[in-house]
Amino acid sequence: MAEAADRSREVILDYFENPRNRRAVPAATAARRGVNPLCGDDVELSVRIGEAEQIIDIGFDRRRGSILVASASIMTEFCQGLGSIALEGLKPARVVPAGSPVDIPSLP
């Protein structure tokens, strides 16, 4: 179990120190900002969706938090190239519990 925890820390640290897709997307189709008032995490996600409803480019900008940077970086890598059908399961309502204090507007 300690090995798994150590590995998790390594992955988080790597994604924090070397974030992937940490940038605004040029000519974004949509951009949304999410803020957690409890801890101050603040992130803006921008995405460009192609004619085939597939993510062509995705990026984020953050204002706080190592876990936020790592998770946003992992998420953008995961979502790159996905189509609308695959993304249906990633709607904020399914990821963030109802009544959560986290403000995550849905993408169009």
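The values are calculated or read from the model by the stated rules, or taken from the named source; none is laboratory data. Keep in mind the model is a prediction, meaning the values are calculated, not measured. Cβ sites come from the backbone with ideal geometry, for glycine too, and all protein chains shown count toward neighbours.
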Considering the range 1-30, residues that are within 16 Å of Ile67 (Cβ to Cβ) and of a type in the set (A, V, I, L, M), and then whichever is modelled with the lowest pLDDT, we arrive at Ala5
Out of (1) of a type in the set (Val, Ile, Thr); (2) surrounded by 12 or more Cβ atoms within 10 Å (Cβ to Cβ); (3) modelled with pLDDT under 80, the one Ile85 does not meet is (2)
Ile12: touching a Cys at 6+ places or on another chain (Cβ under 6 Å) and on the phi < 0 side of the Ramachandran plot, yes or no? no
Filter the range 31-48 down to residues that are modelled with pLDDT under 90 and over 12 Å from the mean Cα position of the chain (by Cα) and give me whichever is surrounded by the most Cβ atoms within 10 Å (Cβ to Cβ). Asp41
Criterion violated by Arg32 - all others in (1) of a type outside the set (Gly, Ala, Ser); (2) within 19 Å of Leu82 (Cα to Cα); (3) part of a loop (DSSP other than H, G, I, E, B) satisfied: (3)
